[in-house]
Amino acid sequence: NYVETNNYKGIGGSNPRTIEAWIKTNVPDKEIVSWGENAAGQKWVFRVNSNGELRVEVNGGYQIGTTILSDNEWHHVACTFDGSNVTDVLLYVDGNLESISSSSGEPVNTDSINGINLRVSRGVNDRYFDGIIDDVRIWNIALPQNAIQNFMHQRVENNHPYFTNLKLHYEFSTGTGNNINDLTSNSNNGSVVNGSNWGQLTGNDNFKNFLNWNYRPDITF
């Protein structure tokens, strides 16, 4: 199955952007978030590479990291773009800037008019993600590393320094049936295609979506 937005086609042209998500998988060569048209420079695919590394590709060019993600452990993954070529992409795993293992240049001109609606999992090339995806965020700015690190475990609220740049946020804890709620005011809601499979994270998986609070607990047993 996969998630597709009802009408949002992502960030177009060579405009700045950031994509964040939490993933857990042991299967490489799968798509996390994608949109655009499958033509030279016109798609935007954020995925796990065939060897398990993080990858952004635009049809004709790509940027690949070094950390292996197909280890069946939770990882926070992010990519930022602010430039004109896919080689301007920065990749982050667990808040750390990735070294680039392989790269091929191609101008970025993402088609946000004729391309597919933004998808989580299936993507442009039908590489259905095999694993768990949580907390997808799309920004219309290239977030600095400290913003990624400071908020990767936290909920995004109006205390985030780039709160107004958040275009889509699927926390995947709000929704019913096949409906996915966008937590931003943009109403970029989505739907699960081919059957929903909701799950509640418990125990050791409770390491994100924390709220900042100015009070400390005082608990008596």
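Computed values, structure above
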{"quantity": "Leading residue by the ranking (farthest from R155 (Cα to Cα)) among those in the stretch 120-130 that are part of a loop (DSSP other than H, G, I, E, B) and of a type in the set (A, V, I, L, M, F, W, C)", "calculated": "V124"}
{"quantity": "Among (1) farther than 22 Å from P16 by Cα; (2) under 17 Å from the mean Cα position of the chain (by Cα); (3) not hydrophobic (A, V, I, L, M, F, W, C) - the single one R137 does not satisfy", "calculated": "(1)"}
{"quantity": "Hey, T67 open to solvent by less than 10 Å² (accessible area, probe 1.4 Å) and either of a type in the set (S, T, Y) or outside any strand (DSSP E or B) (or both) or not", "calculated": "no"}
{"quantity": "Every residue from the stretch 41-56 that is open to solvent by less than 50 Å² (accessible area, probe 1.4 Å) and closer than 17 Å to S112 by Cβ", "calculated": "G41, K43, W44, V45, F46, V56"}
{"quantity": "In the stretch 1-44, the residues that are among the basic types (K, R) and out of contact with any His (no Cβ under 9 Å at 6 or more places or on another chain)", "calculated": "K9, R17, K30, K43"}
{"quantity": "Filter result for N85 (polar (S, T, N, Q) and touching a strand residue (DSSP E or B) at 6+ places or on another chain (Cβ under 9 Å))", "calculated": "yes"}
{"quantity": "Given (1) without any contact (Cβ under 8 Å) to a residue 60 or more places away in the chain; (2) in contact with a Phe, Trp or Tyr (Cβ under 8 Å, 6 or more places away or on another chain); (3) surrounded by fewer than 16 Cβ atoms within 10 Å (Cβ to Cβ), index of the condition L90 fails", "calculated": "(3)"}
{"quantity": "Entirely in the stretch 1-54, the strands (runs of 3 or more DSSP E) that have 1 or more residues that are of a type in the set (F, W, Y) and within 17 Å of K167 (Cα to Cα)", "calculated": "30-36, 43-48"}
{"quantity": "Cross-chain or 6+ apart pairs with Cβ under 9 Å, the stretch 9-23 first and surrounded by 22 or more Cβ atoms within 10 Å (Cβ to Cβ), then of a type in the set (S, T, Y) and assigned to a loop (DSSP other than H, G, I, E, B)", "calculated": "G10/S112; I11/S112; T18/Y162"}
{"quantity": "Residues of the stretch 184-210 classified as closer than 18 Å to L118 by Cα and either open to solvent by 80 Å² or more (accessible area, probe 1.4 Å) or of a type in the set (V, I, T) (or both), total", "calculated": "5"}
{"quantity": "Tabulated pairs, the stretch 155-173, first aromatic (F, W, Y), second at pLDDT below 95 and crowded, with 20+ Cβ neighbours inside 10 Å, C-beta under 6 angstrom, 6+ apart or interchain", "calculated": "Y170/I180"}
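Here's the yes/no breakdown for (1) more than 25 Å from N206 (Cβ to Cβ); (2) open to solvent by 30 Å² or more (accessible area, probe 1.4 Å); (3) in contact with a helix residue (DSSP H, G or I) (Cβ under 8 Å, 6 or more places away or on another chain):
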site	(1), (2), (3)
S121	no, no, no
N125	yes, yes, no
Y128	yes, yes, no
R137	no, no, no
N140	yes, yes, yes
P144	yes, yes, no
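The values are calculated or read from the model by the stated rules, or taken from the named source; none is laboratory data. Computed from a predicted structure; not experimentally measured. Backbone-built Cβ (ideal geometry, glycine too); neighbour counts: all protein chains shown. For accessibility, only protein heavy atoms count, side chains too; no ligands or nucleic acids. Shrake-Rupley method; radii C 1.70, N 1.55, O 1.52, S 1.80 Å.
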